[in-house]
Amino acid sequence: MELAKNIFQTKIIRSVFAIILGSIALTISAKIKIPFYPVPMTMQTFVVLFLGVSLGYKIGLASIGLYLFEGILGLPVFSNSPEKGVGLIYFTGPTMGYLIGFLTAGYLASKVNSKDSFLLVLTKLVVATSTIYLLGLLWLGTLIGWDKPIIALGAQPFLIAEVFKVILLALIAKKILKIKNFI
C-alpha cells in the first residue's frame, strides 16, 4: 500500500513539474517574436503543439491553461506584455482568439501517436494549428471589424513560418513520443 502511495505522489509531483515547465516554455516562446500588427509572430504555436504531443492532453492543456491564467492575472507572460498592457485587458485584445485556440490546438496535437504515418501526423498538426487561426481570425474580425483585411492582418504573414514549424514538429514527433513512452 505504501508503494502505491509513493508512486501516486511521485506521479503528481512529476505532473505539476511538467505543467510549470510547459507554462515557462510558453512564456519564453512568447518573448521570441517578430513584431507584426496587430498580432506578433512568435514560437508559441510550435510550443503549444509540442506540449500536446509530448505531454498528452491532460498535462499539455494544464500547462497551456496555467499560462493563460498567469497572463490573465497580470503576469507579463504574453508576447507584447508588459509593453502593451497586462492582465485581462491585454488578454481580451487582438490576440485573445489565438490564445484560446492554443487550448484546442494542444488537445488536437495530443492525438498524434507513434503509429501514425508522417502524413497523418502532419495532417493532425495542420488541423490543430488551423484551430488557432480560425479562433484568432474570428475574434480579430469581431474586435477590429469585418470590413478590415482580417486574413491579411491575422494569418497571411504567419503562414510560411507555420508551415515550417508544423513540418519540423511532424519530423520529430515520433522521437518525442518514443521518449515520452520510455519515461
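The values are calculated or read from the model by the stated rules, or taken from the named source; none is laboratory data. Only a predicted model underlies this, so the values are computations on that prediction, with no experimental measurement involved. Positions of Cβ are generated from backbone atoms using ideal geometry, with glycine treated the same way; all protein chains shown enter the neighbour counts.
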I need the helices (runs of 4 or more DSSP H) fully contained in the range 89-167, keeping only those with at least 2 residues that are among the aliphatic types (A, V, I, L, M) and more than 25 Å from residue 67 (Cα to Cα). 118-144, 150-154
For residue 134, only one of the following conditions fails: (1) aliphatic (A, V, I, L, M); (2) surrounded by fewer than 19 Cβ atoms within 10 Å (Cβ to Cβ); (3) more than 24 Å from residue 156 (Cβ to Cβ); (4) modelled with pLDDT of 95 or more. What is its number? (3)
Could you pull out the residue among 57, 90, 98, 67 that is in contact with a Phe, Trp or Tyr (Cβ under 7 Å, 6 or more places away or on another chain), surrounded by 19 or more Cβ atoms within 10 Å (Cβ to Cβ) and aromatic (Phe, Trp, Tyr)? 90
Within the range 33-42, can one find any residue that is surrounded by 13 or more Cβ atoms within 10 Å (Cβ to Cβ) and either at pLDDT 95 or above or part of a helix (DSSP H, G or I) (or both)? no
The correct count of residues that are over 13 Å from residue 165 (Cβ atoms) and not in a helix (DSSP H, G or I) in the range 43-85 is 12
